[in-house]
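Peer 1: Handing you this structure, nothing more for now.
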């Protein structure tokens, strides 16, 4: 366990630990016991508890990290590290025991925070790790290439009736037959778009998609597209939007973002003009100069630069040409639907190593069907592993029919449970996501799923639907209930596997306990040290008096505890020098300074003498005033020759000026308790903690067994 004595390091430690744990989403053994085969002597005693070497060293290794465990360290250095850690660890265990005495280990806020941490820590254990790695590698390999495709969509919702689904599929197949038979894909795409939306305008490139790679499209669409060869048309591909026909135009080896320079001339009749530009480039004219003649007004004067552009943001022709260039190379002129172009590749991303892409892929999978596949696979394996039984697909043993052998009458197969009781009470409001029911409305409460030591009934399933329902397209009600049940069954399975993690994986149990203890100590430190020290004003005053007496102005390290020479300055800003001349303002303020007038009185004097008819900035305040106390070498108000009592005028760089009235010069001195509070507070909290730990060690009779500690080797 990390023994941490400051608020900032506790927070940083917890956050780093959870980030590392989540990135590597697989079960792992944290540390092995150092005394697995030998004796396990007591190293520490706290309040009657005995902490043995195995537990002590486990926590030491987790806290110290590789820097303290390296083979390059001598035994003396290792022994010193152990001794220092033992002192900190003793304080930590005493705090932990005191926190439990105060009931901090059962606080509702602790349980809530720990549940959130545990949820994140459990995620790596609740997936099909083999399938996950296959999916991640698949995404990585696909990311090497970008695809240029077009598609035709025949819309049909996932929960449509079987009749509507079949009709959409058959229509999609008819379209494919026409295309395979020789019709132009894009022409068929335009025709289908007009049929589906007669009132909507149709684009000439209807259905064409920009270059994309992994995670840019829904998973079934992506998989079908990457399986095609250029020029090939897919079979109908089912997604949540309907059935797609996909044609692959091109596949290029590109990844990520590109920085480029380009020249663009509008129109297809600019071939000769673009040719002359290309000749100039070949003859050595810098690209930035030639690019000034580009028709792209947004980049022409910046050398034609387009920085960090995503592939989907660029015309398809650009991506195609750029994929064949090396950094620094310039393309030959090429024609697109927008006109003529020349591009120069400045920089393009390269695919990072697989390991560094894993966190990014996992984040993407949260909303991607890839994650669903891994989750369902894990749920199915969990049911098999723990003997979770779905009674809706478990046949009832039927009595043998009359007759013998082949002549025996076959009985119809009957399942041990059905969803009929739930289906019967669900009405059409389910399609709007508004279905409500009372528990008493379900008369047939029978088991649907059995788990070790328990069961889930039709009532549990109905409650699940009520909680998780969402708007759906109208479809067969029985089909909809079955889809909800499949999700219900998976959630039960995963929840059961989750409940067994601490039993099956000691490393997971230790990790959760690590977080639990960290949260307890954080709460304890906040209440008993950080906040308590701040509220102890008498103790802090005594600490300030004692520590400030040790500070010396001659010691550079103590400079933050002292004020350098300071000046009290009244700054009067006159918005318009024509309305009141600087020389006149200075004379007035000298009189005010001699009379020790207030800053507001100085402002009134200037306003009285100001000629408002000459104001060139009517909406501005004619004279504004501020009072400041500035420190020498740490300010920009006073010039070096102004550090004496007096009045000075400085232009504001526009139509006005500032009058600086230096009222007094303050000699260097020690900062007061209030002024230096932030500098002393950390030291005071540390001292407060040390005193608390001394009392806790006495209260709980803490004892470190130095003889056993000295025998540890690692």
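The numbers here are math on the coordinates, done by the rules we state, and not lab data. Everything numeric in this text was worked out from a predicted model, so none of it was measured. Note that we place each Cβ from the backbone using ideal geometry, even for glycine, and neighbour counts take in every protein chain shown.
Peer 1: Once you have a ≥ b ≥ c as the square roots of the Cα gyration tensor eigenvalues for region 269-313, tell me rounded if a/c is under 1.5, and otherwise prolate or oblate according to whether a/b is larger than b/c.
Peer 2: Numbers: a/c = 1.94, a/b = 1.57, b/c = 1.23.
Verdict is prolate for region 269-313.
Peer 1: Given 0.36 nm per residue, what is the gain on full extension from residue 418 to residue 482 after removing their alpha carbon distance, in nm?
Peer 2: My answer for the length gained is 22.0 nm.
Peer 1: Turning to a different aspect of this structure: Which whole-angstrom value gives the distance between the alpha carbon centres of region 164-185 and region 320-368?
Peer 2: Computed from Cα coordinates, the inter-centre distance equals 34 Å.
Peer 1: If I take every Cα pair under 8 Å that is 6 or more residues apart in the chain, average their sequence separation and divide by the length, what percent do I get for the relative contact order?
Peer 2: Here the relative contact order equals 15 percent.
Peer 1: Modelling each spin label as a point 7 Å along the Cα-to-Cβ direction, I'd like the residue 42/residue 608 distance in nm, to one decimal.
Peer 2: 8.7
Peer 1: Sort 278, 386 by Cβ crowding within 10 Å, fewest neighbours at the top.
Peer 2: In increasing order of surrounding Cβ atoms, one gets 386, 278.
Peer 1: Right, something else. Rounded, prolate or oblate: which fits region 143-219 when a ≥ b ≥ c are the square roots of the eigenvalues of the alpha-carbon gyration tensor, with rounded for a/c under 1.5 and prolate only if a/b beats b/c?
Peer 2: Working: a/c = 1.61, a/b = 1.23, b/c = 1.31.
Taking the square roots of the gyration eigenvalues as a ≥ b ≥ c, region 143-219 is oblate.
Peer 1: Rounded if a/c is under 1.5, else prolate if a/b is larger than b/c, else oblate: which is region 257-348, with a ≥ b ≥ c the root eigenvalues of its Cα gyration tensor?
Peer 2: Rounded, since a/c falls under 1.5.
Peer 1: Quick one, which of [x] 32.2, 113; [y] 38.3, 128; [z] 27.0, 80 is the actual Rg and Dmax of the Cα atoms in Å calculated for this model?
Peer 2: [y]
Peer 1: Between residue 581 and residue 309, what's the calculated FRET efficiency when r is the beta-carbon distance and R0 is 60 Å? Round to 0.05.
Peer 2: 0.60
Peer 1: Starting from 0.36 nm per residue, how many nanometres of slack lie between residue 227 and residue 394 once their C-alpha separation is accounted for?
Peer 2: On the way: separation 167, 0.36 × 167 = 60.12 nm, distance 3.80 nm.
Length gained, residue 227 through residue 394: 56.3 nm.
Peer 1: Distance in nm between label sites at residue 706 and residue 332, each 7 Å beyond Cα in the beta-carbon direction?
Peer 2: Going from the residue 706 label point to the residue 332 one covers 8.5 nm.
Peer 1: Could the peptides 707-713, 580-586, 261-267 be put in order, highest first, of the mean number of other beta-carbon atoms found within 10 Å of their residues? Could you put the intermediate results ahead of the total?
Peer 2: On the way: 707-713: 13.0, 580-586: 17.0, 261-267: 19.9.
Averaged packing, sorted descending, gives the order 261-267, 580-586, 707-713.
Peer 1: If you average the sequence gap of Cα pairs under 8 Å that are 6 or more apart and divide by the length of region 630-714, what percent do you get for the contact order?
Peer 2: 16
Peer 1: May I pose another question? Which order do the peptides 72-80, 370-378 take when ranked by the mean count of other beta-carbon atoms within 10 Å per residue, highest first?
Peer 2: 370-378, 72-80
Peer 1: May I ask you to give the average projected area over all directions of the convex hull of the Cα atoms of region 388-501, in nm² rounded to one decimal?
Peer 2: Averaged projected hull area, Cα only: 9.8 nm².
Peer 1: Give the separation of the Cα centroids, region 667-701 to region 566-583, in Å.
Peer 2: Here the answer is 45 Å between Cα centres.
Peer 1: Order by neighbour count: 696, 615, 448, fewest other Cβ atoms within 10 Å first, most last.
Peer 2: Fewest-to-most Cβ neighbours within 10 Å comes out as 615, 696, 448.
Peer 1: Taking the alpha-carbon centroid of each part, what is the distance from region 587-622 to region 240-256 in angstrom?
Peer 2: 72
Peer 1: Here's another thing I want to ask about it. Counting only DSSP beta bridges with both residues in region 565-667, tell me the antiparallel percent, nearest 5.
Peer 2: Roughly 100 percent of the beta bridges in region 565-667 run antiparallel, per DSSP.
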